[in-house]
């Protein structure tokens with residue numbers, strides 16, 4: 001006798017897996033979410049890529065976000081890159097930062113499409129810093145000087161951590177960044193001059209500490225700005241009526 005029971009559609013396992021993953025990624029325990037992201041990368045399934053990208057935008061735990069990025073790198077780039085580019089274009093602060101970070105880890109040449117003026121000069125420091133790091137990984141050969149010029153527009157920006165991130169990105173571009181940096185060492189803005197000098201020091205000595213380079217640049221700038229002492233000025237302790 002022929003059964004009239006319909007076969008389960010072949011998409012059903014993927015739907016079920018997606019539901020399980022969605023529940024696990026929304027769990028209150030970070031360890032449960034971490035294990036879920038690990039499983040998604042250990043057993044890649046292109047049907048789960050949209051869910052992984054969506055979760056990157058809201059996941060509060062750094063280690064889980066990093067595992068989500070790893071999971072995405074385990075999937076074919078034709079499945080991941082278009083969704084990540086859309087997240088950079090249309091997403092909020094965390095969505096953009098995590099998508100940029102993930103694109104840099106994937107290393108697909110199409111990821112360069114995410115590196116726009118909007119993200120390089122984004123007012124949110126976290127988005128900007130992530131875009132700088134991603135840009136130096138994804139920049140096409142021959143466009144390093146163009147990128148360096150764009151990055152140098154951010155010299156003097158933000159706190160020490162933001163300046164350190166920019167210096168490292170420019171130093172990673174090597175000699176391609178030197179002309180743009182040199183032009184900023186005579187800028188009217190003291191913060192720009194100091195930051196440019198510190199970054200050039202990193203180019204000269206890649207093993208130098210960023211903090212030390214900034215401190216040295218500030219010392220040199222302070223000495224240059226100090227008034228000169230006339231040759232006939234009395235020595236310290238000398239009395240004018242002596």
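Points worth noting:
- Qualifying positions in segment 83-115 - part of a loop (DSSP other than H, G, I, E, B) and touching a helix residue (DSSP H, G or I) at 6+ places or on another chain (Cβ under 8 Å): 91, 107, 108, 115
- Residue in segment 232-242 that is at pLDDT 75 or above, outside any helix (DSSP H, G or I) and either within 26 Å of the chain's Cα centre (by Cα) or farther than 26 Å from residue 146 by Cα (or both) present: no
- Of everything in segment 8-42 that is modelled with pLDDT under 70 and part of a helix (DSSP H, G or I), the residue that is surrounded by the most Cβ atoms within 10 Å (Cβ to Cβ) is 14.
- Looking only at residues in segment 49-66 that are in contact with a helix residue (DSSP H, G or I) (Cβ under 7 Å, 6 or more places away or on another chain), outside any loop (DSSP other than H, G, I, E, B) and without any contact (Cβ under 8 Å) to a residue 40 or more places away in the chain, the one that is farthest from residue 84 (Cα to Cα) is 63.
- Among residues of segment 117-152, those that are out of contact with any helix residue (DSSP H, G or I) (no Cβ under 8 Å at 6 or more places or on another chain) and outside any helix (DSSP H, G or I), counted: 4
- Applying the set (1) within 21 Å of residue 127 (Cβ to Cβ); (2) in contact with a helix residue (DSSP H, G or I) (Cβ under 8 Å, 6 or more places away or on another chain) to residue 46 leaves exactly one unmet item: (1).
- Selected residue [surrounded by 14 or more Cβ atoms within 10 Å (Cβ to Cβ), modelled with pLDDT under 95, more than 30 Å from residue 106 (Cα to Cα) and not assigned by TED's automatic domain parsing to the domain that holds residue 114] from 212, 217, 188: 217
- Selection count where residues are within 16 Å of residue 146 (Cα to Cα) and touching a residue at least 40 places away in the same chain (Cβ under 8 Å), scope segment 95-128: 0
The values are calculated or read from the model by the stated rules, or taken from the named source; none is laboratory data. Everything numeric here is computed off the predicted structure, so don't read it as measured data. Here Cβ is always computed from backbone atoms with ideal geometry, including for glycine, and neighbour counts include all displayed protein chains.
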